[in-house]
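Data first, discussion second: the structure below is written as structure tokens.
All of the numbers you see were taken from the coordinates with simple rules; none came from a lab. From a predicted model like this one, the values you see are computed outputs, not experimental measurements. Positions of Cβ are generated from backbone atoms using ideal geometry, with glycine treated the same way; all protein chains shown enter the neighbour counts.
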Amino acid sequence: MIDFENPSFLKLRPVSDSKLARLVSPLLCPGEQIIQEFQSVRDGVIFTDRRVIAINIQGVTGMKKAYTILPYKRVQAFAIETAGIGDLDAELQLWYSGLGTVRFELLAGSDLAALCQAIETGLEA
């Protein structure tokens, strides 16, 4: 599970064709599409067109996994900060009622426009 007391994830790097998609595929709803995948050292975050799925890989062997699912339709507000010249990472903040702020630090190469469109579409649903 996401540590909501310390809501910042480690810096997440964009990945493609990762094992994360295989891990979450049983959780996806019919027609749900993965927009982007991000990974830290072991953990990962998947942004779909409907929600955020955070994967916390636990234990020495990594066999135990905890999933946190944050639907876009529950987002009260969101903010992005793009990467700059001296600062190579972007930031996405999501505010949830009763939960607070969840912050993701995304390394350069993230498609923030696609994430914003997915969140906006999810809010309208």
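Taking all Cα pairs closer than 8 Å and separated by 6 or more residues, the relative contact order of region 13-124 comes to 22 percent.
The mean of 1/r over all distinct Cα pairs in region 56-120, once inverted, gives the Kirkwood hydrodynamic radius of 13.6 Å.
Which of rounded, prolate, oblate describes the chain, given a ≥ b ≥ c as roots of the alpha-carbon gyration tensor eigenvalues and a/c under 1.5 marking rounded, otherwise prolate only if a/b is larger than b/c? Because its axes are fairly even, with a/c under 1.5, the chain counts as rounded.
Taking R0 as 41 Å, what's the FRET efficiency between Lys73 and Lys11 from their Cβ-Cβ distance, rounded to 0.05? Mind dumping the intermediate values first?
Details: r = 27 Å, r/R0 = 0.67.
The computed FRET efficiency comes out at 0.90.
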